[in-house]
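Encoded as structure tokens, the structure appears first; notes follow it.
The values are calculated or read from the model by the stated rules, or taken from the named source; none is laboratory data. In this text, all values refer to a predicted model and were calculated from it rather than measured experimentally. Cβ coordinates were reconstructed from backbone atoms using ideal geometry, including for glycine residues, and neighbour counts include every protein chain displayed.
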Amino acid sequence: MPFLCNAWYAAGFAEELAAGPIARTILDQPVVIIDDGNGGTSALSDMCPHRFAPLSMGRIAVGTLTCPYHGMVFDSAGSCIHNPHGKGARPAALQLRNYPVRQQDGIVWIWMGNPSKADQIAPPSYDFLSAPENTVLRGYLKVDANYELVTDNLLDLSHAEFLHPFIMPEGTATAIRYRAEQVDNRVSAYHIMPDQPNTPLFELVLGPGVQRIDGFANSHWQAPANLMLETGAKVLDEGDGRLVLLPQTHLLTPETGTSTHYFWCVARDRNIVAPQLDAMLHAGLANAFEHEDEPMIKAVQQRMAGRDFFEMGPALLPMDEGSVRARRVLAKAIAQEQV
Ligand code: FES
Ligand SMILES: [Fe+2]
């Protein structure tokens, strides 16, 4: 299936860009993102128009890129500003594609479609990622599978009991109250887990001793594949009653049709200056996403062997309602874009 082009995709984290250029293939297109030297950001094609060398292999200074193959120099708008050969001719074809880019909430967003439409839609807003009362853990992984399979995984969290002992204890899946909802083109999947044993995840955040919690994890999806998860727990133990929230974003950007950039952020407003807690939480969550979700999603991709999800006739269950709705909304948006 083609990709949705007129949409914002997460291309990286702002802190990554602060450390240097980001070179990434997005929607099958090689892109390099740089500091433009004027307080802004540029996203350019990472393929020299001369003979297609990756510019990210060359010298990148603030605001300029020098091709590593024959030395053409480009500015942050993608124009060739220097040809070191012969009379230094710079034909119009020596122009890099320049993609609209934005930074918001610590995320670098890129627009892969018609640049003139980029101002019509704002990137998704996740202001809890930049709220001063929160601390945020961030992580990145590559998933060797189509991004819609990753969306499916995040809109149906009943798998957590079977894949993620850190996040959900045994016996939880049967107790999940699941409900999906679609409002316009947005899809939510609510997972309510009343009166369950505390989990290793919330034990880390709440400290030891908590026995029973009301857990919840509600996934909110918008096309093409950006999700916010409202995750939290209320302590049920007598005299406690604390409510802890771990709001998250899971931003999925196709690298190709069979591989996905997966950017995750998890925020909390408790105990926010706690490096040891940060390290333990990050390790537990990264392990769940990288070593438990990723191998399973990749294995599913391999079993599907390039076939279409719906044409394979999946045995759909009530907990698939959110992911099926999201697939339909996305397919419709892509079809409309192709007209
Ligand atoms: S390929 Fe870049 S200058 Fe020749
Ligand atoms: Fe998972």
Point to revise | Boolean, Arg303 is modelled with pLDDT of 95 or more and part of a helix (DSSP H, G or I) | key: yes
**Study point:** Qualifying position, being away from ligand 1 (no atom under 12 Å from the Cβ) and in contact with a helix residue (DSSP H, G or I) (Cβ under 7 Å, 6 or more places away or on another chain), among Ile81, Ile60, Ile33
**Key:** Ile33
Exercise for review: Spot the failing condition for Asp320; the list is (1) closer than 30 Å to Val108 by Cα; (2) in a helix (DSSP H, G or I); (3) not polar (S, T, N, Q), and only one is missed.
Suggested key: (1)
Check your understanding: Can you find even one residue in segment 305-320 that is under 17 Å from Val136 (Cα atoms) and surrounded by 12 or more Cβ atoms within 10 Å (Cβ to Cβ)?
Key -> no
Review point. In segment 213-233, what residues are closer than 23 Å to Tyr9 by Cβ and aromatic (Phe, Trp, Tyr)?
Key: Trp221
Practice item. Taking the options Gly113, Gly106, Gly139, name whichever one is closer than 24 Å to Phe263 by Cβ and either touching a Pro at 6+ places or on another chain (Cβ under 7 Å) or within 16 Å of ligand 2 (Cβ to nearest atom) (or both). Key: Gly139
Review point. Can you tell me which residue in segment 284-303 is farthest from Pro165 (Cα to Cα), limited to those that are of a type in the set (A, V, I, L, M, F, W, C) and surrounded by 14 or more Cβ atoms within 10 Å (Cβ to Cβ)?
Key: Val300
Exercise for review: Give the residues of segment 64-99 that are assigned to a loop (DSSP other than H, G, I, E, B) and buried (at least 17 other Cβ atoms within 10 Å of the Cβ), sorted by residue number.
Suggested key: Cys67, Met72, Ser76, Gly78, Asn83, Leu94, Leu96
Exercise for review: Would you be able to say whether some residue in segment 183-198 is of a type in the set (Asp, Glu), closer than 20 Å to Arg270 by Cβ and touching a residue at least 12 places away in the same chain (Cβ under 8 Å)?
Suggested key: no
Check your understanding: Hey, among the residues in segment 1-49 that are polar (S, T, N, Q) and in a strand (DSSP E or B), which one's farthest from Leu227 (Cα to Cα)?
Key -> Ser45
Study note, to complete from the structure: Filtering segment 36-56 for residues that are away from ligand 1 (no atom under 16 Å from the Cβ) and in contact (Cβ under 8 Å) with a residue 40 or more places away in the chain leaves a count of 4
Exercise for review: Scan segment 152-178 residue by residue and report those that are away from ligand 2 (no atom under 16 Å from the Cβ) and either part of a helix (DSSP H, G or I) or surrounded by 15 or more Cβ atoms within 10 Å (Cβ to Cβ) (or both).
Suggested key: Thr174, Ala175
